[in-house]
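Here is the structure we will look at, set down as structure tokens.
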Amino acid sequence: MKGSVGALGEFGLIRELTSRISATPAVRLGPGDDAAVVAAPDRRVVASTDILVEGSHFRRDWSTAYDVGRKAAAQNLADIAAMGATPSAVLLGLVVPAELPATWPVELMDGIRDECQVAGAGVAGGDVVRGDTVIVSITALGDLGGREAVTRTGARPGDLVAVTGWLGWSAAGHAVLSRGFRSPRAFVEAHRRPEPPYPAGPAGAALGATSMTDVSDGLIADLGHIAQGSKVRIDIRSAALDMPAQMNDIGQAVGVDPLQWVLTGGEDHAIVATFPPETKLPARWRVIGEVLPSRGRGAPPVPDGAAPPRVTVDGAPWEKAGGWDHFAG
Ligand SMILES: Nc1ncnc2c1ncn2[C@@H]1O[C@H](COP(=O)(O)OP(=O)(O)OP(=O)(O)O)[C@@H](O)[C@H]1O
Ligand SMILES: Cc1ncc(C[n+]2csc(CCOP(=O)(O)O)c2C)c(N)n1
Ligand SMILES: [Mg+2]
């Protein structure tokens, strides 16, 4: 396809985008009308939305349009899985400059469609608007299949903390790209195209998870949301975290403690959950810590008036930089 988005025009672009979508069972009526119709067999719909902004979430010189599509979809579909639901459909809001080559949004859509296929969802519709920078906004829907949603408020003292998926790979890739390198490829690829463990969401719910979330902002930050919501402390055992030798090597090369990536790097969309202590967890779940009462015996000392730490690492507060915050710095 030649030319710019502007040359294609709004309806030409929509035609190109929607022609690339494949039919899926949950999307009863897809793009083409005022709204879509999506099946909701459970009679409740799980819904989540996320925005990706060029420069803040992706760079067009770091990632292809296809990769941005895969990542944008993955980030939203992981939120659905982290509730214990199965993704059913996504809607795509797209802001693009008129000068953008038309191939960019079209390849983006290919990436969104392919990631949706991995998670079992379809593309139900969207919107296209002209703007100064590229913004990709995705709304994802999902179905709980008769289960209760697994929220951030159910962790209880004594529960195990377990994770499945990757931790720190995307942050290591980001560190490499930020320094102008394009390798090691495994980490750069993990940054460009995360692989959330979608089936682990509903599977974790079925195993009796008491709380669950995907790791988008960083393990400490996201477990912090669970600890806050559940009014508990969570202690992470650093020795239980998977630290590939190659991550150590890059850490040394760029002068960063790789534990920092594993504990505070977001965007891998691993799924972390708490389970009652007697739970028999399949091998894909790695136990990395435990849930404790927010105060009391064994809690680290807290200066007068200060709030106790919600998440500790090997019993102590994590003093280095925390997770991602769009408004920090
Ligand atoms: N503009 C907003 N209006 C209403 N609710 C919002 C708004 N922004 C965020 N929220 C809500 O705040 C909660 C936390 O949002 P956040 O985007 O941090 O989600 P998350 O799952 O923690 O992170 P991520 O989006 O990276 O997966 C969500 O329930 C979200 O719906
Ligand atoms: C160009 C560029 N700069 C920085 C980053 C890192 N980054 C952006 S958002 C985010 C956390 C999740 O955000 P959200 O809460 O919006 O889902 C992280 C770790 C990136 N991916 N690309
Ligand atoms: Mg999330």
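When only alpha carbons are used to place a centre, region 256-271 and region 291-309 end up 24 Å from one another.
Note on T49: accessible area approximately 80 square angstrom, rounded to 10, probe 1.4 Å, nucleic acids and ligands left out.
Among DSSP bridges having both ends in the chain, what percentage is antiparallel? Round to the nearest 5. Roughly 75 percent of the beta bridges in the chain run antiparallel, per DSSP. Projected label points at R156 and L29, each 7 Å from Cα along the beta carbon direction, are separated by 4.5 nanometres. Largest accessible area first, the listed residues T274, T139, T64 line up as T64, T139, T274 when surface is computed with a 1.4 Å probe on the assembled protein chains.
Ranked from largest to smallest solvent-accessible area, with a 1.4 Å probe on the protein heavy atoms, V272, V45 come out as V45, V272. Modelled label positions at V128 and D325, each set 7 Å beyond Cα in the direction of Cβ, lie 3.9 nm from each other.
Listed by chain and number, the lysines placed with their C-alpha closer than 25 angstrom to that of K320 are K231; residues fewer than eight positions away on the same chain are left out. For region 117-171, the set of trypsin sites (Lys or Arg not before Pro) satisfying both a DSSP loop assignment and a count of at most 15 other C-beta atoms within 10 Å is given as R147. Sparsely packed loop sites in region 98-186 (the GluC sites (Glu not before Pro) outside DSSP H, G, I, E and B with at most 13 other Cβ atoms within 10 Å) comprise E99, E148. In the assembled protein chains, S183 presents an accessible area of approximately 70 Å² (probe radius 1.4 Å).
Between K231 and A186, residue separation times 0.36 nm minus the direct Cα-Cα distance comes to 12.5 nm. Express the carbon and sulfur contribution to the solvent-accessible surface of the chain as a percent, rounded to the nearest whole number, probe 1.4 angstrom. Answer for the chain is 53 percent, counting heavy atoms of protein chains only.
Kirkwood-type hydrodynamic radius, the chain: 20.7 Å, calculated from all non-identical alpha-carbon pairs.
Judged by the ratio a/c of the largest to the smallest principal axis of the C-alpha gyration tensor, region 260-329 counts as oblate, that ratio being 1.5 or greater while a/b is no larger than b/c. Using a Gaussian network model of the chain in which every pair of alpha carbons under 10 angstrom is joined by a spring, one finds that among A239, A283, A85 the greatest mean-square fluctuation is at A283.
Principal-axis analysis of the Cα atoms of the chain puts helix 103-119 at an angle of about 50° to the longest axis.
Rolling a 1.4 angstrom probe over the protein heavy atoms with all chains in place gives the chain an accessible area of 46 Å² per residue. Once you sort the root eigenvalues of the Cα gyration tensor of region 160-317 as a ≥ b ≥ c, which label holds: rounded (a/c under 1.5), prolate (a/b larger than b/c) or oblate (the other case)? Taking the square roots of the gyration eigenvalues as a ≥ b ≥ c, region 160-317 is oblate. Counted by Cβ distance under 14 Å from D114, the other residues give a net charge of +1, where Lys and Arg count +1 and Asp and Glu count -1.
Checking every one of the trypsin sites (Lys or Arg not before Pro) in region 159-236 against DSSP loop status and a limit of 15 other Cβ atoms within 10 Å picks out R179, R182, K231.
Taken along its three principal axes, the alpha carbon spread of region 48-179 comes to 55, 38, 23 Å, from the longest extent down to the shortest.
Springs between Cα atoms under 10 Å define the GNM used for the chain, and in it the highest mean-square fluctuation of A175, A253, A205 occurs at A253. Note on region 134-244: Cα Rg divided by 2.2 N^0.38 Å, N the number of residues, gives 1.22. The distance linking region 55-75 with region 168-222 is 14 Å (Cα centroid to Cα centroid, whole angstrom).
For the pair region 1-20 and region 226-250, the centres of their Cα atoms are 45 angstrom apart.
The values are calculated or read from the model by the stated rules, or taken from the named source; none is laboratory data. Computed from a predicted structure; not experimentally measured. Ideal geometry is used to build each Cβ from the backbone, glycine not excepted, and the neighbour counts take in all protein chains shown. Remember, those area values only see protein heavy atoms, side chains included, never the ligands or the DNA or RNA. Shrake-Rupley method; radii C 1.70, N 1.55, O 1.52, S 1.80 Å.
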